[in-house]
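Working notes for the structure below.
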Amino acid sequence: MTNNTRSIGKLVVLKIGDGCFDQGFPVTLQILEEGKSPLLEITGRLPPAPEILQSCQNWTTSYHSLGLRSRLEASVVQVTNVSKLERCYNAAQLLGDRLNTWLSSEPFRPIKEKLLEQLLPSDEIRLIIQTENSCLRRLPWHLWDFWERYSKAEIALSALKFEPAPPNPKPHQKVRILAIIGNSIGIDTEADQKLLEQLPDAQLTFLIEPKRQQVNEALWEQCWDILFFAGHSSSKNDGCTGHIYINKTDSLTINQLKFGLNRAIVKGLKIAIFNSCDGLGLASNLANLRIPQIIVMREPVPDRVSQEFLKYFLTAFAGGQSFYLAVREARERLQGIEDEFPCATWLPIICQNPAAKPPTWKELRESSDGQSQGQHQIPPPPIRHPIPPPIPPLTFVKVLVTSLVITCFLIVIQQLGLLQGFELKAFDHLINRRPAEFPDSRLIVVEVTEKDIEAQQSDLRPGTSLSDRSLKQLLEILKSSQAKVIGLDIHRDFSVAPDYQELGTLLEQRDNLVAVCKASNEDNPGVSPPPEVPKQNLGFSDVVVDPDGVIRRHLLAFNPDPTSVCSAPYALSTQLAMRYLVAQEIFPTYTDQGYLQLGDVVFKPLTKHTGSYHNLDDWGHQIMLNYRFHKSPEDFVHQVTLSEVLKGNINRDAFKGRIVLIGVTAPSRDDYFFTPYSKGNDIEDQTAGVIIHAHMVSQILSAVLDQRPLIQDWPAWLEVVWIWGWCLTVGLVCWRCKSELRLGVLVLALSILYGSCLGLLKQGYWVPLVPSALTVVVIGGFIVLYDQPSPHRLKVVK
C-alpha cells in the first residue's frame, strides 16, 4: 500500500486571460511550493490558432456522433459504426497534434523553458489551468507532450477569479459520504453503489432518486466530506450551467441547491464527484460556491467508462494516493478500454479551487481529538473571566433613540424594495379578509365555455372561440334587448366572412359596442383590432401584472406607440364605464395635473413609490384594482353562457340597461390570471380575463356612482410617522410594564396593528403592515433582551 504521508509538491498555475483563438491569449505562469510563497511568476502569450478551435469542434462532433450509451439526460441506442470510430480517432489525433504545435510556438517558449528549469521529473505536480474561456476548458490538456516526463503530474481547471476556500472543520473518524443516485433509466448505477460500499472507514448515506426537499435537507442537517452523484446530467452549450436529474421527473441546477451546498461547504464538504455526463457546467456552478475539489466528466460518458473510472479512483485514493495522482492513475487506466470507447482517458477532469489543498483519504478520516493513537492530553486549567460591569437601566431617551434607529433602518430596507414581496402578500391577505359586498347589478357577463366552443366547431376558424354566426346572433339579441353598452373581450384580427356581411354592419355601426385589441412592442407583436370596428370604439385588453404574476393594478389608459397595431388609448374597462356614465350625463374631464376625473372622483395615477411598490414601472395611467368580492371573486357579477343566450333560455330583460361583457372562460384558451384571491397555482385558482375586466368596470362605476373608495396610499412622511409611532408606542409600553407582561403586550400590539390596517383598507387606505409589524417585534425583542437579569449576581459579604 502507498505511504499515507503527504509529500510537499509543486503547484503550477497557468493563467490564460481574455482573448480568442483568432487573436491569441495572454498567459501568466506561477510556480509555487505547497504552503510557501511563489518561486517565480512570468508572462507570455499563446499565438492565434483558429485551427485549434476548429479541431476541437470537429472532435466534439465526431465523439457525439458515436452514439455511445451514456449518462446524458436521455439514453440512445449503441452504435458501432467502424467509420465513425475511425473518424473520432483521427479527429482526436489531429487535435492532439495541433495542441502540441500551439504549445511549442515561439511566443510560448519562455514559459515552457521556465517549467523545464524549475520542475524535476520526481516532483509531484499539480497543474491548474485558470481560464474563463469555455473552449479552452474543453481542450485535452493532458495530451501536452511536455508532461510525459513528469509521471506524478495531473491537470485541473479553475476560474480566473476565485474566493478563498472555507476553513477546514475538524475531521471525523470516518469519511462521511452523501451519495445521490439520480435518474438511472438506461444506466447501471447499482455498480456505483457497490463500489462506494466497499470503501474502508467510510460512513455512507444513499438518497435513491430523491425529491428536491430530501436533497436539500440532507445538505443542511448533516456534515459531509464527499458529495457523490450518479445518474443523468447535462450542461448548456455555454458550459456555465449544468443540470442533474435527481429522479425520473425532476432536474436541478446547482443554483437551486445553492444555500444547502453553501451550508455543507461551511460544515466541511471538501470533494464533489459527479459520475455523470457533460459536467463542465456543473463544475462551473460548484466552483462559484467554493467547493475545493470537483471531479466531473467533460463530455457524455459511457456507463462502463464511468464505472471503471470510479473503481480505479476510489481504490487508489482510499489506498493512500494523493487526490491528483489517484485521478491520474484512474484516468490512464481507462486506456485499456479505448478500443470500445474512444478517448475515454479524455473524460475525467478535476476542477480545483487554487486556494485549497486537496486532502488525502487519511486526512478526511483522522480523529478530531488528536487521540487516535492512544495519546492523552491534560485538560488546560479553566479560564476565569472577569465579571462584566452591570448594564445601565433603560431610560426614556434610550427607548426613543432605539425606536428612531429601528425605524430608519426598516425604512431604508423598505425603500430598497427588500420587503416588497412580503408587503404584497400581506396586501393580498388583507384583501381576502374584507367582508363580502353585494353583486354589481349593472353588469352581466356572457361567457364562452368549453361546451360552447365544442358546439361551434363546424363554424369556428382555427384558434378562435366565437364564430361569425354565433357573434351575429348574439349581437342581434343584445340589440333587441336594449343592452346599454356591449364589450367584446375576444380578439378578432380578421375580417368578417363573406357570408356574414350583416355582422360587419353591426360591428361598424353599433356605437355602444366596444371591441378589443392588444398593444404591440419590441417583445410582443400584439393583436390587431377587428377591421370593421371604428377606432373610437376600440379599447385595449392589456393588463399590468406584478412580478409574482398577480394582477393588483388597473391600467386605465396610455399613449400607444405610433407603430403599434393597437392604437386605442383607453382600456376596454375605461371605455365601457365612460359610455355608461355619459348616458347619465357624467362626462370625463382632466384636472390641471392631467389626472382623469369622472364626476367628483379623481383617478390619481400610481407613482414609482406607491404603497408597498418601490421602483414601480408606472407607465400609462395606473390605479390600484379594488376587487369586488361576493361569495367568490367571480360571483360579484351575473354570468350566463353563450348557449343559454342563443337558445333563448335567458330572459332578454336581463340585458336591458346593463353593460354586457362577452368573453371566454374556457380553460383551453389560456385567458386566466392570478389575483389576490388565488390560493394556489392551478387553473382553478385563477380568474378569467373577462371577469377581471368586469371587476375593473365595476370599480369605476362604483367609485363614481356609489362613492365606493378607490385604494390609495398615504404620503411618504405619514407612512414614516405611522411606522415610527407604532415602534415608539410599543417600546414605551414594554419598557414601563412588568417583564412577564411584555409578550402579551407584543401580541396585543400586533393584533391592534393588524385590525387597524384591515379597517383602513376597507376605507380605501393602504398603509404599511409588514414594516410596522417588524418594528414592533424588533423593539419588543430588544427591550426583553436588554432587561434580562445578569448571570453574574453580586454577593453581599458580611
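Please treat every number below as a calculation from the coordinates, not as lab data. Because the structure is predicted, anything quoted here is derived from the model rather than measured. Neighbour counts are summed over all protein chains in view; Cβ atoms, including those assigned to glycine, are modelled from backbone coordinates with ideal geometry.
Quick notes on this structure:
- For the stretch 426-509, with +1 on Lys and Arg beta carbons and -1 on Asp and Glu, the positive-most of 501, 490, 438 along the dipole: 438
- With at most 10 neighbouring Cβ atoms within 10 Å, loop GluC sites (Glu not before Pro) (DSSP) excluded, longest segment of the chain: 1-521
- Part-to-part distance (alpha-carbon centres) for the stretch 570-587 and the stretch 394-458, which is given in Å: 27
- Computed from label points 7 Å out along Cα-Cβ, the spacing between residue 716 and residue 458 is 6.5 nm.
- Residue among 228, 422, 752 farthest towards the positive dipole end of the chain, charges placed on Cβ: 752
- Look at the Cα gyration tensor of the stretch 159-311: its axes a ≥ b ≥ c give a/c under 1.5, and that counts as rounded.
- Taking a straight Cα-Cα cut-off under 30 Å and skipping sequence neighbours fewer than 8 places away in the same chain, the lysines within cross-link reach of residue 535 are 472, 479, 484, 518, 604, 656.
- Measuring r between the beta carbons of residue 479 and residue 217 and using R0 = 45 Å, the FRET efficiency lands at 0.10.
- Here's the picture: charge each Lys and Arg Cβ at +1 and each Asp and Glu Cβ at -1 in the chain, and of 474, 551, 216 the one pushed furthest to the positive end of that dipole is 216.
- The chain, helix-only ellipticity at 222 nm - DSSP H runs n ≥ 4, -39,500 (n - 2.57), divided by all residues, nearest 500: -10500 deg cm²/dmol
- Nearby aspartates and glutamates by direct alpha-carbon distance to residue 608 (threshold 18 angstrom, same-chain neighbours under 8 apart not counted): 423, 546, 548, 617, 618, 713, 719
- Counting 0.36 nm for each residue step from residue 188 to residue 266 and taking away their Cα separation leaves a gain of 24.8 nm.
- Dipole magnitude (debye, nearest 20) for the chain, charges at Cβ of Lys, Arg, Asp, Glu: 2920
- 5 angstrom amide H check on residue 202, placed H, neighbours 5+ away: 175
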